[in-house]
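The values are calculated or read from the model by the stated rules, or taken from the named source; none is laboratory data. As the structure is a prediction and not an experimental result, all values here were calculated from the model. Heads up, the Cβs are rebuilt from the backbone with ideal geometry, glycines too, and the neighbour counts pull from every protein chain shown. The area values use the complete protein model at the heavy-atom level, side chains included, leaving out ligands, DNA and RNA. Shrake-Rupley method; radii C 1.70, N 1.55, O 1.52, S 1.80 Å.
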Amino acid sequence: FYVMERVRGIILRKDLPKGMTLSPGEATSLCHNLIDVMIELHAIDYQKIGLENLGKPEGYIRRQVEGWSKRYRDARTDDAPDFKMVMDWLKEKMPADTASHAIIHNDFKFDNVVLNPEHPLEIIGVLDWEMATVGDPFMDLGSSLAYWINRDDPQDLHMIRLMPTTIEGMLARQELVDLYLSKSGRALESFDYYYCFGLFRLAVIAQQIYYRYYHGQTKDQRFKMLIFAVKILEQTALKVIDKAGL
């Protein structure tokens, strides 16, 4: 279990809350602050603070790829794509274990942070810690950026946007990666693998929910549309693979 403190503030959903506005400069600053909090988390010496048993960092990427692949196969419905090419690529191109594991949140995004209502650019809380562990920080960033839609992304990706990442001034995904690398001091030749994994992981989550609707385990009509998100995420992951040319 974990103990929580109640924090009152602003949660960003698909669009800015009624009455809230951000100038382009403020939107950029908020992106910087979001990355700063992630870097601060990843910089914690988890052994020094007694969290060495929080997870098993060795083999983390392999377990994630194998685990999410199994979950997708188990949740696949007749109308869902097979994702075989994506799963095969993730297995084949798997990077080696990082030399600098970190505490990772595993669902770090705008709607899981709390903004100060008096100073909305300030992040005063981070929510949803149940998937936190010790692992590869680039996998954490990849999972986060799978949710991030750029202003110039194809229209199908805009259809599944969940956060206000397209307002003027918000950084693009590659800008966020560059910002993370420059501020954290970590080095990476290509982020394609981690972004592709993030897209696949998000597709699995959507498919698991859709599976419940498909089999009549829930009647919530909102879940009916998730199959389209799964298909869009597969096509996006395939484009990443094609672009990567690895």
request  = Take GLU118 and decide whether it is in a loop (DSSP other than H, G, I, E, B), open to solvent by 70 Å² or more (accessible area, probe 1.4 Å) and at pLDDT 95 or above.
outcome  = yes
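Which residue is least open to solvent (accessible area, probe 1.4 Å), if the candidates are limited to the stretch 64-79 and must be outside any helix (DSSP H, G or I) and in contact (Cβ under 8 Å) with a residue 40 or more places away in the chain?
THR77
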request  = Quick one: in the stretch 15-56, of everything that is open to solvent by less than 40 Å² (accessible area, probe 1.4 Å) and either at pLDDT below 95 or aromatic (Phe, Trp, Tyr) (or both), which residue is nearest to the chain's Cα centre (by Cα)?
outcome  = GLY55
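Just one of ASP97, ASP82 is open to solvent by 70 Å² or more (accessible area, probe 1.4 Å), of a type in the set (D, E, K, R) and either touching a residue at least 60 places away in the same chain (Cβ under 8 Å) or in contact with a Phe, Trp or Tyr (Cβ under 8 Å, 6 or more places away or on another chain) (or both); which is it?
ASP97
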Members of the stretch 211-241 that are without any contact (Cβ under 8 Å) to a residue 60 or more places away in the chain and β-branched (Val, Ile, Thr) = THR218, VAL240
message = I'm told PRO137 meets every condition in (1) modelled with pLDDT of 95 or more; (2) more than 20 Å from the chain's Cα centre (by Cα) except one. Can you identify the failing condition by its number?
response = (2)
request  = Determine if the stretch 213-220 includes at least one residue that is touching a Leu at 6+ places or on another chain (Cβ under 9 Å) and modelled with pLDDT of 95 or more.
outcome  = yes
request  = Check ILE61 against each of (1) over 14 Å from PHE138 (Cβ atoms); (2) open to solvent by less than 90 Å² (accessible area, probe 1.4 Å); (3) of a type in the set (A, V, I, L, M, F, W, C) and name the one condition it does not meet.
outcome  = (1)
task = Kindly state which helices (runs of 4 or more DSSP H) lie completely within the stretch 131-239 and contain at least 3 residues that are open to solvent by less than 10 Å² (accessible area, probe 1.4 Å) and either at negative phi or charged (D, E, K, R) (or both).
result = 137-145, 173-184, 192-214
